[in-house]
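The values are calculated or read from the model by the stated rules, or taken from the named source; none is laboratory data. This structure is a prediction, so every number in the text was calculated from the model and none was measured. Virtual Cβ from ideal backbone geometry, glycine too; neighbours counted across all protein chains shown.
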Amino acid sequence: MNQIKTLARPVANANRMFWLLLAAFAIMLGAAQNLRAQNMPNSFADLAADVGPAVVNITTSTILNRPGDELNIPQGSPFDDLFREFNNRNRGENPPPQRRGTALGSGFIISADGYVVTNNHVIKDADEIEIELRSGERLVATVVGTDPRTDLALLKVEADTPLPYVNFGNSDEMRVGDWVLAIGNPLGQGFSVSAGIVSARGRTLSGAYDDFIQTDAAINRGNSGGPLFNMKGEVVGVNTAILSPSGGSIGIGFSMASNVVSGVIDQLEAYGETRRGWLGVRIQDVSADIAEAMGLEDAVGALVTDVPAGPAADAGIEAGDVILTFNGEDVEDTRELVRQVADAPVGETVRVVIYRDGGTQTLLVTLGRLEEAIPTLAGPNGETPREAPQAEIQGMRLGQMTPQYRERFMIGEETSGVVILEVAEGSQAAEKGLRPGDVIVEVSQNPVTTPRDVADRIEAAKDAGRRSVLLLVRTGGSGRFVALTLEE
């Protein structure tokens with residue numbers, strides 16, 4: 001009997017341990033489900049109710065010129081005087097009726113005193129702008145300022161009482177997969193709410209300052225200018241565009257990130273216009289083969305291709321330099337540099353670290369203002385050689401510059417270098433986009449004026465153990481760097 005009891009104790013303990021483990025697993029599973037429930041809202045109703053009153057419908061009206069109201073007669077014809085008199089009489093006695101076109105869009109209020117954000121394309125060329133509040137009240141809006149580069153506009157309305165408003169959030173905190181809420185006036189169906197997630201970050205469409213959040217929240221025509229909210233009720237984007245073959249939502253919408261929007265809106269409110277920093281360079285990304293040709297360890301930074309008269313030229317920046325840091329921030333690529341410069345205050349002196357001749361240098365640049373700059377990119381000056389020798393190099397037939405070549409390929413007098421006359425089909429040069437009429441200005445960051453110069457620089461690169469050589473090529477006045485793998 002004692003033996004049976006002794007054997008029963010381990011079995012009972014094992015059963016107890018099994019049930020304890022099972023209970024712990026159930027608790028953990030329940031906690032995980034509760035966490036998922038917290039991340040996945042059961043309803044967006046409270047959020048929509050909180051932020052909805054700050055979203056407005058926008059209606060614009062534009063006077064359209066009615067074709068055919070007047071007869072256009074060639075000046076100097078026998079009927080010129082007759083029809084001019086006829087048109088003048090009709091214009092005075094029975095002026096032609098004006099036709100008006102209307103457009104619908106969305107916007108949102110960002111201050112109690114009536115500042116409203118929307119897209120520039122919503123109110124562009126409008127003669128009258130009216131906003132409709134959630135309450136049904138309609139207010140006339142005036143334009144404070146616009147920025148076509150980011151397709152943003154700031155409006156102002158006057159109201160008898162403080163208006164409901166929303167705040168900007170930090171779009172950089174948004175992650176792919178986060179929930180977002182869009183509210184707007186799609187297809188004239190005002191104050192419509194749609195929900196989705198962040199599908200992608202850092203999208204670009206066509207602008208140098210683009211930083212779009214891609215979302216699958218339903219966005220249609222009329223949603224333009226409306227807000228994209230995070231789950232805190234903060235605006236993280238301005239709904240701007242959709243990708244759709246049919247014109248309707250297919251789940252690919254784009255909202256300009258709030259960290260871009262807020263900076264632009266602050267300037268429009270303060271000045272009625274934007275005031276972006278201007279460095280004064282033309283740049284391109286550093287590819288892996290360009291990095292190897294220049295001796296850079298990593299393909300990072302912005303490669304300078306042109307330096308017109310301006311802040312960069314005054315500071316000593318040259319074509320062929322690679323900008324590695326700007327104002328204390330690393331430069332990953334050209335897109336990042338463009339934004340960093342634009343965000344820097346006009347007139348500020350900043351430190352720019354460049355890579356040149358195998359080492360780094362720090363230069364001080366006093367920024368100009370982009371809107372006041374005239375970016376005329378002039379090439380290096382040089383005398384036109386009298387002789388015109390040719391050579392076959394790297395799948396290209398090269399010729400020395402002559403007046404005939406300038407006329408034939410429409411090359412400006414300000415551009416000197418070696419002309420590409422022919423490019424062999426299937427050659428590496430053709431694959432790199434080199435074409436007849438392009439001008440090779442530099443090889444390995446050294447100026448060239450004859451085909452012999454090009455050949456010498458290529459041989460020098462081979463002797464130095466380089467696997468590729470860097471060319472500065474100018475096409476129609478615009479410069480770019482091209483790295484060619486050296487042939488054995």
Quiz item: Of the residues in the stretch 135-184, how many are assigned to a strand (DSSP E or B) and among the charged types (D, E, K, R)?
Solution: 3
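In the stretch 258-304, what residues are aliphatic (A, V, I, L, M), over 30 Å from residue 238 (Cβ atoms) and in contact (Cβ under 8 Å) with a residue 12 or more places away in the chain? Before the answer, list the steps.
Restricting attention to the stretch 258-304, the residues satisfying the condition of being aliphatic (A, V, I, L, M) are 260-261, 264-265, 268, 270, 279, 281, 283, 286, 288, 290-291, 293-294, 296, 299-300, 302-304.
From what is left, the residues that are over 30 Å from residue 238 (Cβ atoms) are 286, 288, 290-291, 293-294, 296, 299-300, 303-304.
Listed by number, the residues that qualify are 286, 290, 293, 294, 296, 299, 300, 303, 304.
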Quiz item: Residues in the stretch 370-391: is at least one modelled with pLDDT of 90 or more and of a type in the set (Gly, Ala, Ser)?
Solution: no
Quiz item: Here is a list of conditions, (1) at pLDDT 85 or above; (2) out of contact with any helix residue (DSSP H, G or I) (no Cβ under 7 Å at 6 or more places or on another chain); (3) not assigned by TED's automatic domain parsing to the domain that holds residue 348, and residue 425 meets all of them except one; can you say which number that is?
Solution: (1)
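Report whether or not residue 361 is at pLDDT 90 or above, buried (at least 16 other Cβ atoms within 10 Å of the Cβ), over 30 Å from residue 437 (Cα atoms) and outside the structural domain of residue 461 (by TED's automatic domain parsing).
Criteria not met by residue 361.
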Quiz item: Among the listed residues 213, 283, 219, which satisfies the condition of being among the β-branched types (Val, Ile, Thr) and not in a strand (DSSP E or B)?
Solution: 219
Quiz item: Which one of the conditions (1) in contact (Cβ under 8 Å) with a residue 40 or more places away in the chain; (2) under 19 Å from the mean Cα position of the chain (by Cα); (3) surrounded by fewer than 19 Cβ atoms within 10 Å (Cβ to Cβ); (4) part of a helix (DSSP H, G or I) does residue 314 fail to meet, given that it meets all the rest?
Solution: (2)
Quiz item: For the stretch 386-488, which helices (runs of 4 or more DSSP H) that fit wholly inside it have 1 or more residues that are more than 34 Å from the chain's Cα centre (by Cα) and surrounded by fewer than 20 Cβ atoms within 10 Å (Cβ to Cβ)?
Solution: 403-409, 451-463
Quiz item: Do we have residue 242 as within 30 Å of residue 469 (Cβ to Cβ), of a type in the set (A, V, I, L, M, F, W, C), surrounded by fewer than 23 Cβ atoms within 10 Å (Cβ to Cβ) and touching a strand residue (DSSP E or B) at 6+ places or on another chain (Cβ under 6 Å) here?
Solution: no
Quiz item: Among (1) of a type in the set (A, V, I, L, M); (2) within 27 Å of residue 266 (Cβ to Cβ); (3) not in a loop (DSSP other than H, G, I, E, B), where does residue 197 come up short?
Solution: (2)
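How many residues are among the charged types (D, E, K, R) and assigned to a helix (DSSP H, G or I) when one looks only at the stretch 234-274?
Total satisfying the criteria: 2.
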